[in-house]
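Heads up, the thing below is written out as structure tokens.
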Amino acid sequence: MINHCLQTILPMNPIKPTVTNKKSWRSRIIRWSLEIALVLAAFLLIRAWNAPSLPDSALPAIISQTLDGKAIDSRNTQGRPFVVHIWAEWCAVCRLELAGMAELARDTPVISMAWKSGDDAAMRRFLAQEKLSLEVINDPSGHILAPLGIKAVPLHLIVDAAGRIHFVETGYTTPWGLRARLWWVEHFAGAHIVSEH
């Protein structure tokens, strides 16, 4: 009887600590790697689909004026590469990066264009509300940017002084990422287009 009570309290086969199975860790790592690869592939496919189909590497001339009345001509770059920043007021990702683009535009040539975002008065109110100091060309109907075949915003084109597009970037981009691309274009630009999606 005492033996039976002891067996109930202290089982004969004590629970052994579990030993991590190497195969289960390998299978987890493989599964996680595949999941990460699938998410990354989906992300890259969406970006590739959203990127515009540019007919060649030459930027169509952008001749317009900003909301403040300043004349803009993309062919007059003063020998420097520049960024064409295309965004929309209704785009949440665009709103996230606008302050960074305003910062970039302080010391870097940036042509900032609002695409299908309402009339000039609405855009001025939006910029004032967001406290942004940024020269913006408003394209409420999309006719100025129609030659680019835009499907999604934000869109960033890195263009050399001769008007050739070297990088096409869709989605959120940091000012430092754009500075790096501009530096590359200024120092190492070739004659071919490089599309990053």
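Just a yes or no: is a residue in segment 86-93 loosely packed, with under 15 Cβ neighbours inside 10 Å and either out of contact with any Asp or Glu (no Cβ under 7 Å at 6 or more places or on another chain) or free of Cβ contacts under 8 Å to residues at least 24 places away in the same chain (or both)?
Here is the first cut: in segment 86-93, the residues loosely packed, with under 15 Cβ neighbours inside 10 Å are 90, 92.
Imposing the further condition that a residue be either out of contact with any Asp or Glu (no Cβ under 7 Å at 6 or more places or on another chain) or free of Cβ contacts under 8 Å to residues at least 24 places away in the same chain (or both) reduces the set to 90, 92.
There is at least one residue in segment 86-93 that is loosely packed, with under 15 Cβ neighbours inside 10 Å and either out of contact with any Asp or Glu (no Cβ under 7 Å at 6 or more places or on another chain) or free of Cβ contacts under 8 Å to residues at least 24 places away in the same chain (or both).
Figure legend. Inter-residue proximity from segment 101-124: first residues within 22 Å of Phe82 (Cβ to Cβ) and in contact (Cβ under 8 Å) with a residue 60 or more places away in the chain, second residues surrounded by 14 or more Cβ atoms within 10 Å (Cβ to Cβ) and of a type in the set (D, E, K, R), beta-carbon distance below 8 Å, spacing 6+ or different chains. Indicated pairs: Leu104/Arg179; Thr108/Arg179. Considered as a group, the residues in segment 57-79 that are of a type in the set (D, E, K, R) and modelled with pLDDT of 90 or more include one that is surrounded by the most Cβ atoms within 10 Å (Cβ to Cβ), and that residue is Asp73.
Consider Trp183 carefully, then state whether it is surrounded by fewer than 13 Cβ atoms within 10 Å (Cβ to Cβ) and under 19 Å from the mean Cα position of the chain (by Cα). Break it down stepwise before answering.
Working: surrounded by fewer than 13 Cβ atoms within 10 Å (Cβ to Cβ): yes; under 19 Å from the mean Cα position of the chain (by Cα): yes.
Yes: the conditions hold for Trp183.
Restricting attention to segment 98-117, the residues that are surrounded by fewer than 20 Cβ atoms within 10 Å (Cβ to Cβ), in contact with a helix residue (DSSP H, G or I) (Cβ under 7 Å, 6 or more places away or on another chain) and assigned to a helix (DSSP H, G or I) total 2. Scanning segment 57-97 for residues being part of a strand (DSSP E or B) and closer than 18 Å to Leu148 by Cβ gives a total of 11.
The values are calculated or read from the model by the stated rules, or taken from the named source; none is laboratory data. This is a predicted model, so every value here is computed, not measured. Glycine gets a Cβ as well: all are built from the backbone with ideal geometry, and neighbour counts include every protein chain shown.
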